[in-house]
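One structure below.
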Amino acid sequence: QSRLDRIYVTEKILETAREWKIETTGVPHADHNMVSVLVSNECTPWTGRGRWRIPDYVVKDKDLMDFAYEKGKEAQINLRDANISADERNPQKVWADYKQAI
């Protein structure tokens, strides 16, 4: 009968391994534990913290949402009047100003 109760890794893999666990398997009458580890690929590019979003508690604030809605309407009007080549009034500037306002 085979029994796995350890994990052998190279020094290089050990540097990127984390979340080592020894847990019960959940299988009735099992006479051994499950060993697991999370191994990361060090060649994977760093992706950052992900996309920012407004927290849920902020979205539930009615006054803030009304304010954001009004500022959004103003931004839409500004976008209609925006000149893509102008430094002062281009879509990117209108969007940045809107985000800064809210």
Average Cα contact separation per residue, segment 1-42, under 8 Å, 6 or more apart, as relative contact order %:
43 percent
Contour minus Cα-Cα span, residue 80 to residue 41, at 0.36 nm per residue, comes to 9.3 nm
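Remind me, what semi-axes does segment 1-60 give for its equivalent ellipsoid, largest first in whole Å, using sqrt of 5 times each Cα gyration tensor eigenvalue? Before the final figure, lay out each step's value.
Values: eigenvalues 252, 95, 9 Å².
Taking √(5λ) for each eigenvalue gives 35, 22, 7 Å, largest first.
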Overall Cα dimensions of segment 10-102, principal axis frame, Å, largest first:
72, 35, 16
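Hey, can you rank 13-21, 36-44, 90-98 by average C-beta count inside 10 Å, highest first?
Values: 13-21: 11.7, 36-44: 9.9, 90-98: 14.0.
Descending packing order for the listed peptides: 90-98, 13-21, 36-44.
Per residue of the chain, what 222 nm ellipticity follows from adding -39500 (n - 2.57) for every DSSP H run with n ≥ 4, rounded to the nearest 500? Write out the running numbers ahead of the final one.
Values: 4 runs with 41 residues, N = 102.
Calculated mean residue ellipticity at 222 nm is -12000 deg cm²/dmol.
Only Cα pairs under 8 Å and at least 6 apart count here; give the relative contact order of the chain as a rounded whole percent. List each step's numbers first, then the result.
Numbers: 68 pairs, mean separation 17.6, N = 102.
The normalised contact order for the chain reaches 17 percent.
Where a number appears in this text, it was derived from the coordinates with a stated rule and is not lab data. What you are looking at is a predicted structure, and each value in this text was computed from that prediction instead of being measured. Positions of Cβ are generated from backbone atoms using ideal geometry, with glycine treated the same way; all protein chains shown enter the neighbour counts.
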